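Asker: Below are the structure tokens for one structure; questions will follow.
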Amino acid sequence: MARPTGFEPATYGFVVRSIRHTYASWMVESGVDLYTVKKLMGHSTIAMTERYSHLGNNTLQNAVKVFEESLVEGKILIEKS
């Protein structure tokens, strides 16, 4: 019979998959693009990466903020037709 390790997942209420979800979410929250997260996680599809990387409202708000700042700073050129 195996000896207890002192770290039994059922005791703490999480499994390794939980850590993968956290890793993916934190990368996306830090600004890493989904394609890169997909490659790092070893996923075959973006759909799987989207499931792992839970996006919060802050992520969406930050994306809009970055876009607006880029417009103001002239990083994005809008051509007039």
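Asker: So which residues in the stretch 33-60 are under 13 Å from TYR23 (Cα atoms) and of a type in the set (Phe, Trp, Tyr), if there are any at all?
Answerer: Correct list: TYR52 only.
Asker: Could you grab me the full set of residues in the stretch 1-44 that are surrounded by 10 or more Cβ atoms within 10 Å (Cβ to Cβ), in a loop (DSSP other than H, G, I, E, B) and at pLDDT below 85?
Answerer: Across the stretch 1-44, the qualifying residues are PHE14, VAL15, GLY31.
Asker: Go through the residues of the stretch 45-57 one by one and say whether even a single one is loosely packed, with under 10 Cβ neighbours inside 10 Å and modelled with pLDDT under 75.
Answerer: yes
The values are calculated or read from the model by the stated rules, or taken from the named source; none is laboratory data. From a predicted model like this one, the values you see are computed outputs, not experimental measurements. Cβ: placed from backbone, ideal geometry, glycine included. Neighbour counts: every protein chain shown.
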